[in-house]
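All of the numbers you see were taken from the coordinates with simple rules; none came from a lab. None of these values were measured; they are calculated from a predicted model. We place every Cβ from the backbone using ideal geometry, glycine too, and count neighbours over all the protein chains shown.
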Amino acid sequence: MTGELTRLGAVTWLSLRGSLRGARLIGLAGFALVPSLIVASVASTHPAANTLSDSAEGLFAVLTLPIVTMVIVLVLSVAQFRNEIDNETLLYLSDRSITRPMIVIGKYLGSLAAALVLVVPATLVPLLIAVLSGGTMYSADVPVTLAAAAILAAVAYGGFFLFLGLVSRAALLIGLLYGFLWEELVPLLPGSAPRLTLVFYLRNFLSTELSNGPLSGYPTPLTSAGSILVPIGLAIAFLVVSSVVFRYLETAPERESL
């Protein structure tokens, strides 16, 4: 058991280290700065203190959570398996003594940790800029709740996008279509359709935890615990499915005959 955990830790560390380097890191870090730059631009116009703080907080639900977080997690999670499958290097890892489910979990944990390194600052720095620029001081529950929602989003998106990277060459395209079409348009539909999106549960969580402010106005048909359990449950489900798929997956694509 100890040996298996040691190998899991090694896969996690390799995944984390491989995710946070090179041009990809620079690009994702620049993308994570977008909410901060927007808040800084708003602050430069010297709005009222409440307006500045509310704009930074509201930006989280319309940009940081559904777009910035989603794209960062998508890029990092898809690469965990897709790059190695395309380069035919996953074969060497899958032939080791570590079990394939542990490889899936290790890559998930590594990519999740890498995503949080970028996502959490993207969530909290805009709030800090707003306060330092003269905005109203936030109550302690605001940064805590926003950080928790960002982590919850990374947990759920990470499981789904890791699965896409394992099973599809077009994982990035599918993930972008899912994020920018499904997650953005389905919440606008009437009835129970919004429950088919992840952002519905994340916004439900924000509204149940924050009693006032721009994020308190979303519908809250579920309790806070319910809005937490659904994304976590989805992440676990996709990890289980990925582990099953990985058992039967051809880890090196067939070469075409000349």
Calculated log₁₀ intensity ratio I(q)/I(0) where the Debye formula runs over C-alpha points of region 1-78, q = 0.11, 0.17, 0.27 Å⁻¹: -0.46, -0.77, -1.17
Over region 2-248, what is the mean sequence separation of C-alpha contacts under 8 Å (at least six apart), divided by residue count, expressed as relative contact order in percent? 26 percent
What do you get for the angle between helix 141-167 and the principal long axis of the chain? Use alpha-carbon atoms, 0 to 90 degrees, nearest ten. 30 degrees
Extending each Cα 7 Å along its Cβ direction at R24 and L37, get the distance between those two points in nm, one decimal. 2.2 nm
Between N212 and L185, the FRET efficiency computed from the C-beta separation at R0 = 41 Å comes out, to the nearest 0.05, as 0.90
Footprinting exposure proxy for S207, S224 (fewest neighbouring C-beta atoms within 10 Å first): S224, S207
Place a point 7 Å from Cα of S192 in the direction of its Cβ. Which residues in region 209-225 have their backbone N less than 14 Å from it? 221-222
Using only Cα atoms, find the angle between the long axis of helix 198-209 and the longest principal axis of the chain, and express it within 0 to 90 degrees, rounded to the nearest 10. 40 degrees
Taking 7 Å along the Cα-to-C-beta vector as the label spot, tell me the H46-R247 distance in nanometres, rounded to one decimal. 6.7 nm
Relative frequency of Cα-Cα separations exceeding 22 Å in the chain, percent: 57 percent
Compute the helix-to-body angle for 70-87: its Cα long axis versus the longest principal axis of the chain, expressed 0 to 90° and rounded to tens. 10 degrees
Cβ density ranking, 10 Å radius, fewest first, applied to M137, M102, M70 yields M137, M102, M70
Burial ordering of T69, T220, fewest other beta-carbon atoms within 10 Å first: T220, T69
